[in-house]
Structure formats: C-alpha cells, structure tokens
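Enquirer: Following this message is one structure expressed as structure tokens.
The values are calculated or read from the model by the stated rules, or taken from the named source; none is laboratory data. Treat the numbers as computed from the prediction; the structure is a model and nothing was measured. Positions of Cβ are backbone-derived with ideal geometry, glycine not excepted, and every protein chain shown enters the neighbour counts.
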Amino acid sequence: MSPAYDVLTVGGGLAGAGLGRLLARAGLRVLVLERTLEFHDRVRGEVLVPWGVADAKRLGFDELLRPVGNDLRWWDIVLGGTTVVHRDIPATCLPGVAILTYYHPEMQDILLQAAEDAGAEVRRGARVTAVEPGRAPRVIVQHDGRERELQARLVVGADGRGSHVRKWGRFEVRRDLERRLFAGILFEDMRAPEDLVFSAFLPGTGLMTYVFPQGRGRVRSYVGFQNDASVERFQGDADVPRFVETAVRIGVPKEWYDGARIAGPLATFDGTDEWVPHPYRDGVALIGDAASTSDPTWGQGMSLTLRDLRLLRDRLLTDEDWDAAGRAYAEEHDRCYRETHTCDNWYTDVFLDVGPAADARRARALPLIAQDLTRLPDTPIGGPEVPADEAARRRFFGDDGPA
C-alpha cells in the first residue's frame, strides 16, 4: 500500500511551509506539521540578501512577501567611525535587486497559509516524537490528544537549529570552532533611514553592529561580538541601555534611538556555523537550518533556505527516482553552502577576528580594499554563483601583490 503522503515536512516555518506550498502547487500530496499554534517574535533571520530575493522571485514568494516587506537599496559600511562604503545595492550586485526585510512571524503566517491555500494539509500543534528513515519513512506525531504513525515517500526535516529530525535520521553533524555571538532586538519608532542597511565595525575589537529597517519605523538592531571579546551577553529589557550604548560606540548614530520603543525581546545567541555533509539519506532530507546554519553576521541563512527549496523541488519534480533526486539535491546543497560558508569565514577573518595576526591581516588588506572595493568578494550579496575561490581570497586578504 502506498504512503498516504508524497512529502511530509516536520516544521512549518519558511523551510517547511515554503516547500509545502511549492510541492502542493505541483499536485503532490503534502502534509506540513508545525509544533506551535502561534508564531511569536524571537531574534532570528529577517533579511533576504539580493541572491535570496532573486530565488524568492523564482519561487513565487516575492508576491507574498512584498506587501509586508521593505526594500533596502543602500548599504553603508563604517570602519572605526569612518564611512568607507555607500553602496547602491541593486545597481552594483549580480542579482540586480535590493535587500528585502520583513517581520519573521508575519512571514511565517503568510507562507503557512499559502501552503494550505495551495492544497497542502497543515496541522498546527503537532509534536513529532520520532522519525524512522527507510523506503517509506515513518513519523510518529502527537496531535489533538492522539498519537499517530504516518508514512510518506519523503520526510523533510525543516525543524531548524538543533533539528530533532537530524538526530533521528542519524546524520553526521559538523561544527566550526565557536567564535561569534550575536544579539538583537526589535524597536518601533526608530529614526533610521528606511531604505538603508547600516553596518559598522571596530576593527581589532571583534565588535560590529547592524541596523535593518523593516518599514513604518520598525527596526531590528543587532550587535555582534567575538566570544572572547570580554562582552557580557545581552539578555532581557534591563540590558537594553547597555545594548544601545554598545551599538552607538561601534558607530550607530545616537539620535536614531531617541524615542525608540522596545517591541520584542533582547537576546543573544551563538552564531557558530553547523552543517550536515550530504543532507539526505534513506528517504529523509534536511533543508534550511536543519541542513546548515550560517553565522547571522553575514545574513545568508534565509537565502540558503530558499535555495534548498528550489533545489529539492526541482529534483523531486524531474526525477521519478526520489532516492536519486534526494542524493542530487544534497550534492547541490553542499556546493552552495560550501561557497557561502567559505566566504563568510573570510569576512570574519578580515573584519572581526582579534589578535596580532588578525591586526596584521587588516593592516595589509583594508588599505587595498579602500582603494578598490572590488577586492571585497561579493558572494554574500551575489550568492554561490560568485565563486569563493583562491584567487578571490588572495585579492580580499591582499595576498596578490609582489612576493
């Protein structure tokens, strides 16, 4: 007897709901299981860099997110109090579009409803307790006071950082050395320009800050720091003044915060990259943060998720052998993640690493970058199609001059 579903996604966020919509629109029988009944604000990704926006357009998500989104055309980069870049993003990047921001819970609700409207079955308040890989993988789920066993041709783990599906599927997990912490909070009535990404760095300290306007005076403000930078974690309303003071010290104009109101929790989390090599085995695929997490300092997470959706959808719809389709998806995912992961680590090495070796690296690289901004590899904006190869690394680090 064939399974009741073609695809079952564990998780109903951007990854699970997004894939559910795509596959249901293609005529597949899809079940989306989401643990929470209501999405609440947490510090998490709300920025689609241009290559992610381009994928959102290809997937038909742009039309859903655009009404609640905000375009950021300009990007300022401040180093040690001096603005070194004022970039027209769509005019200077490979995808030719602006950065898009939005409120994460609103995005989740929109895509989950879109999945249901497309014909996917959506169950909220569903708690998955086990996944058993195999030809027809099995899922044990508790919902409406009952425990059920469900089967599908393919189970997709879309359950984010710390994925349980990843553990149940017995996937290998790799992790970078811990070196980055990232704190964020949502403000309302903040005076930052609504079409500008503002980023500032204090080279040699490991400190950086971002301001991402979401439109209508709502702004997500971030502070990042190395885990050995002698900065205490920011947590809770009592730490908001210290958070703002730190952001201003790094470079955010103080007047932007005047009159701003707290609109969400202040929290700090570990930004260390963690990934699964080859995120498919035995009827179980991993997508989004379940497959690979990315240091939020460089804003690649949601774009990587959308790329996963496109790669997996395309493989499933063009290959009747879904085991082969899953393996091909995993290989393509690994290539995309490898390029972004490599380049993100370079940016951390140049702008945020601390110590004598890092200072020497900056002394060599930053003057050359100031003279020629094309030395900055554009993979974080242009995507995995912009290769992070040895030639790009040498230009970025200033290692391409005479010996």
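Enquirer: Tell me which residues, restricted to segment 146-196, are within 23 Å of the chain's Cα centre (by Cα) and basic (Lys, Arg).
Expert: Across segment 146-196, the qualifying residues are 161, 166, 167, 174, 175, 179, 180.
Enquirer: Within the set of pairs 6 or more residues apart or between chains, which connect a residue that is more than 24 Å from residue 49 (Cα to Cα) inside segment 377-403 to a residue that is of a type outside the set (A, V, I, L, M) and not in a loop (DSSP other than H, G, I, E, B) with Cβ atoms less than 7 Å apart?
Expert: Close Cβ pairs (under 7 Å, with a partner that is of a type outside the set (A, V, I, L, M) and not in a loop (DSSP other than H, G, I, E, B)) amount to 398/364; 400/394.
Enquirer: On to the next question. Could you count how many residues in segment 187-208 are among the aliphatic types (A, V, I, L, M), surrounded by fewer than 23 Cβ atoms within 10 Å (Cβ to Cβ) and assigned to a strand (DSSP E or B)?
Expert: 3
Enquirer: Being surrounded by 24 or more Cβ atoms within 10 Å (Cβ to Cβ) and modelled with pLDDT under 95 narrows it down to one residue among 13, 20; which is it? Let's see the steps before the verdict.
Expert: Details: 20 fails: modelled with pLDDT under 95.
Selected residue: 13, the only one of 13, 20 that is surrounded by 24 or more Cβ atoms within 10 Å (Cβ to Cβ) and modelled with pLDDT under 95.
Enquirer: Still on this structure, please answer the following. Taking the options 231, 211, 244, 165, name whichever one is out of contact with any Cys (no Cβ under 7 Å at 6 or more places or on another chain), aliphatic (A, V, I, L, M) and assigned to a loop (DSSP other than H, G, I, E, B).
Expert: On the way: 211 fails: assigned to a loop (DSSP other than H, G, I, E, B); 244 fails: assigned to a loop (DSSP other than H, G, I, E, B); 165 fails: assigned to a loop (DSSP other than H, G, I, E, B).
Criteria check complete, one pass: 231.
To keep it simple, each residue is scored yes or no on (1) of a type in the set (Asp, Glu); (2) in the same structural domain as residue 308 (by TED's automatic domain parsing); (3) surrounded by fewer than 16 Cβ atoms within 10 Å (Cβ to Cβ); (4) under 22 Å from residue 45 (Cα atoms).
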{"residue": "219", "(1), (2), (3), (4)": "no, no, no, yes"}
{"residue": "237", "(1), (2), (3), (4)": "yes, no, yes, yes"}
{"residue": "242", "(1), (2), (3), (4)": "no, no, yes, no"}
{"residue": "247", "(1), (2), (3), (4)": "no, no, no, yes"}
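Enquirer: Filter segment 225-258 for residues that are in contact with a Phe, Trp or Tyr (Cβ under 6 Å, 6 or more places away or on another chain) and at pLDDT below 95 and give the result.
Expert: Looking only at segment 225-258, we keep the residues that are in contact with a Phe, Trp or Tyr (Cβ under 6 Å, 6 or more places away or on another chain), and these are 231, 234, 243-244.
Result: 231, single match.
Enquirer: If the requirement is being touching a Leu at 6+ places or on another chain (Cβ under 6 Å), farther than 30 Å from residue 209 by Cα and of a type in the set (Val, Ile, Thr), which of these qualifies: 165, 155, 131? Can you show your working first?
Expert: On the way: 165 fails: touching a Leu at 6+ places or on another chain (Cβ under 6 Å); 131 fails: touching a Leu at 6+ places or on another chain (Cβ under 6 Å).
The conditions single out 155.
Enquirer: Pairs under 6 Å by beta carbon, first residue under 22 Å from residue 387 (Cα atoms) in segment 360-376, partner modelled with pLDDT under 90 and surrounded by 13 or more Cβ atoms within 10 Å (Cβ to Cβ), six or more apart or different chains?
Expert: Short answer, once both residue conditions are applied: 370/84.
Enquirer: Quick check on this structure: which one of 38, 106, 46 is touching a strand residue (DSSP E or B) at 6+ places or on another chain (Cβ under 7 Å) and acidic (Asp, Glu)?
Expert: Details: 38 fails: touching a strand residue (DSSP E or B) at 6+ places or on another chain (Cβ under 7 Å); 106 fails: touching a strand residue (DSSP E or B) at 6+ places or on another chain (Cβ under 7 Å).
Being touching a strand residue (DSSP E or B) at 6+ places or on another chain (Cβ under 7 Å) and acidic (Asp, Glu) holds for just one of 38, 106, 46, which is 46.
Enquirer: Identify, from the list 317, 286, 312, the residue that is crowded, with 23+ Cβ neighbours inside 10 Å and either of a type in the set (Val, Ile, Thr) or touching a Leu at 6+ places or on another chain (Cβ under 9 Å) (or both). Write out each step before concluding.
Expert: Numbers: 317 fails: crowded, with 23+ Cβ neighbours inside 10 Å; 286 fails: either of a type in the set (Val, Ile, Thr) or touching a Leu at 6+ places or on another chain (Cβ under 9 Å) (or both).
The match here is 312.
Enquirer: How many residues are in contact with a Lys or Arg (Cβ under 9 Å, 6 or more places away or on another chain) and assigned to a helix (DSSP H, G or I) if we restrict to segment 275-301?
Expert: Residues flagged as in contact with a Lys or Arg (Cβ under 9 Å, 6 or more places away or on another chain) and assigned to a helix (DSSP H, G or I) within segment 275-301 amount to 5.
Enquirer: Taking the options 256, 298, name whichever one is in the same structural domain as residue 186 (by TED's automatic domain parsing), touching a residue at least 12 places away in the same chain (Cβ under 8 Å) and surrounded by 20 or more Cβ atoms within 10 Å (Cβ to Cβ). Quick ask: steps written out before the conclusion?
Expert: Numbers: 298 fails: in the same structural domain as residue 186 (by TED's automatic domain parsing).
Criteria check complete, one pass: 256.
Enquirer: Please go through segment 16-32 and give me each residue that is farther than 20 Å from residue 130 by Cβ, of a type outside the set (Val, Ile, Thr) and in contact with a strand residue (DSSP E or B) (Cβ under 8 Å, 6 or more places away or on another chain), ordered by number.
Expert: Initially, segment 16-32 is screened for residues farther than 20 Å from residue 130 by Cβ, giving 17-30.
From the residues that got through so far, the ones that are of a type outside the set (Val, Ile, Thr) too are 17-29.
Within segment 16-32, 17, 19, 20, 23, 24, 28, 29 meet the criteria.
Enquirer: Same structure, new question: Test residue 87 against the criterion of being among the basic types (Lys, Arg), over 19 Å from residue 156 (Cβ atoms) and part of a helix (DSSP H, G or I), and give yes or no.
Expert: no
Enquirer: Consider residue 100 against the criteria (1) touching a Phe, Trp or Tyr at 6+ places or on another chain (Cβ under 7 Å); (2) surrounded by 16 or more Cβ atoms within 10 Å (Cβ to Cβ): it satisfies all of them except one. Which criterion is unmet?
Expert: If we test residue 100 against (1) touching a Phe, Trp or Tyr at 6+ places or on another chain (Cβ under 7 Å); (2) surrounded by 16 or more Cβ atoms within 10 Å (Cβ to Cβ), just (1) comes out false.
Enquirer: A follow-up question, please. Within segment 136-153, how many residues turn out to be within 30 Å of residue 42 (Cα to Cα) and in contact (Cβ under 8 Å) with a residue 12 or more places away in the chain? Before the answer, list the steps.
Expert: Initially, segment 136-153 is screened for residues within 30 Å of residue 42 (Cα to Cα), giving 139-147.
Next cut, in contact (Cβ under 8 Å) with a residue 12 or more places away in the chain only: 139-144, 147.
Going through segment 136-153 one residue at a time, the tally reaches 7.
Enquirer: Continuing with this model, one more query. Being under 22 Å from the mean Cα position of the chain (by Cα) and small (Gly, Ala, Ser) is the filter here, so list the residues in segment 84-101 that pass it.
Expert: Residues satisfying the conditions are 96, 98.
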